[in-house]
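Read through the structure below, which is laid out as structure tokens, and then see the notes.
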Amino acid sequence: MKRIVNLLIIALIFCSCKSYTQTETFEWKQSSLGGGGYICGLIQNSQNPDIIYGRCDVGGVYKSTDGGKSWKLVNKGLTKGSQHCIETFAISPLDPNIMLRGSGEIRNHKIVGFLHKSTDGGETWNEVSDKLDYHGNGNTKSTGENISFDYFNKGTVAAGAYSNGLWMSRDNGDTWQYQQKVTIIEVPGSPDQKFTEPAPAFFLLNRILC
């Protein structure tokens with residue numbers, strides 16, 4: 001009897017797994033961007049999944065409001081070529097109209113960089129810092145995002161530059177301060193695990209306490 005019960009349990013698990021692993025069929029179609037360069041990152045609006053931003057290594061930022069079917073450039077207010085070489089991009093989880101983009105390139109053996117902020121969903125941009133350097137068309141363009149909004153503390157943002165360390169903002173990116181050292185809490189999982197390190201260039205943070 002015990003063996004029969006065990007076999008029934010195994011059969012139920014097998015049937016459940018088989019049902020769980022069934023997937024839908026999707027059809028992939030190419031979306032036309034109308035521009036050059038590589039799309040190195042896609043960032044989705046957490047409150048509206050139909051809104052997606054694509055950062056380009058030489059073409060700036062593209063925006064889709066229909067789940068990726070169509071795209072438009074959102075680079076208003078940016079006139080320098082290096083401001084269209086986007087290395088990193090972030091959307092505030094508390095207010096998706098607030099976003100930051102880090103851009104820059106190497107010219108004459110010198111890295112130049114910019115941080116721009118938008119408060120209207122990317123329609124217009126204003127420069128908030130030229131202290132952080134970025135290389136949007138460099139070898140780190142596909143390594144992920146280096147700007148992180150703090151989910152727990154409204155207005156707190158961390159940004160890792162290409163070569164000059166970690167920077168912090170307490171006012172949603174309007175002003176920035178270089179961090180000599182930071183104390184980091186990893187979440188979720190180990191809220192009591194803390195460690196302090198000199199500021200690295202590419203720290204993606206879930207929660208930061210300085």
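A few points about this structure:
- Residues in the range 109-124 that are touching a residue at least 12 places away in the same chain (Cβ under 8 Å) and not aliphatic (A, V, I, L, M): G113, F114, H116, K117, S118, T119, D120, G121, G122, E123, T124.
- For the range 120-144, the tally of residues that are touching a His at 6+ places or on another chain (Cβ under 7 Å) and assigned to a loop (DSSP other than H, G, I, E, B) stands at 1.
- Restricting the range 59-83 to residues that are under 17 Å from the mean Cα position of the chain (by Cα) and among the β-branched types (V, I, T), the residue that is farthest from N137 (Cα to Cα): V74
- Whichever residue in the range 145-160 is part of a loop (DSSP other than H, G, I, E, B) and not charged (D, E, K, R) and, among such residues, is surrounded by the most Cβ atoms within 10 Å (Cβ to Cβ): N146
- Residues of the range 190-200 include none that is at pLDDT 90 or above, basic (K, R) and surrounded by fewer than 17 Cβ atoms within 10 Å (Cβ to Cβ).
- If you check I98, I91, I86 for being touching a strand residue (DSSP E or B) at 6+ places or on another chain (Cβ under 9 Å), of a type in the set (A, V, I, L, M, F, W, C) and surrounded by fewer than 23 Cβ atoms within 10 Å (Cβ to Cβ), only one passes: I98.
- Contact map, the range 162-175: first residue farther than 27 Å from N139 by Cβ, second residue of a type in the set (G, A, S) and part of a loop (DSSP other than H, G, I, E, B), Cβ cut-off under 6 Å, separation 6 or more or different chains; pairs are R170/G155; D171/G155; N172/G155.
- Checking the range 50-69 against the condition returns a match, with at least one residue being surrounded by fewer than 21 Cβ atoms within 10 Å (Cβ to Cβ), at pLDDT below 95 and under 21 Å from V128 (Cα atoms).
The values are calculated or read from the model by the stated rules, or taken from the named source; none is laboratory data. Given the structure is predicted, the values throughout are model-derived calculations rather than measurements. Virtual Cβ from ideal backbone geometry, glycine too; neighbours counted across all protein chains shown.
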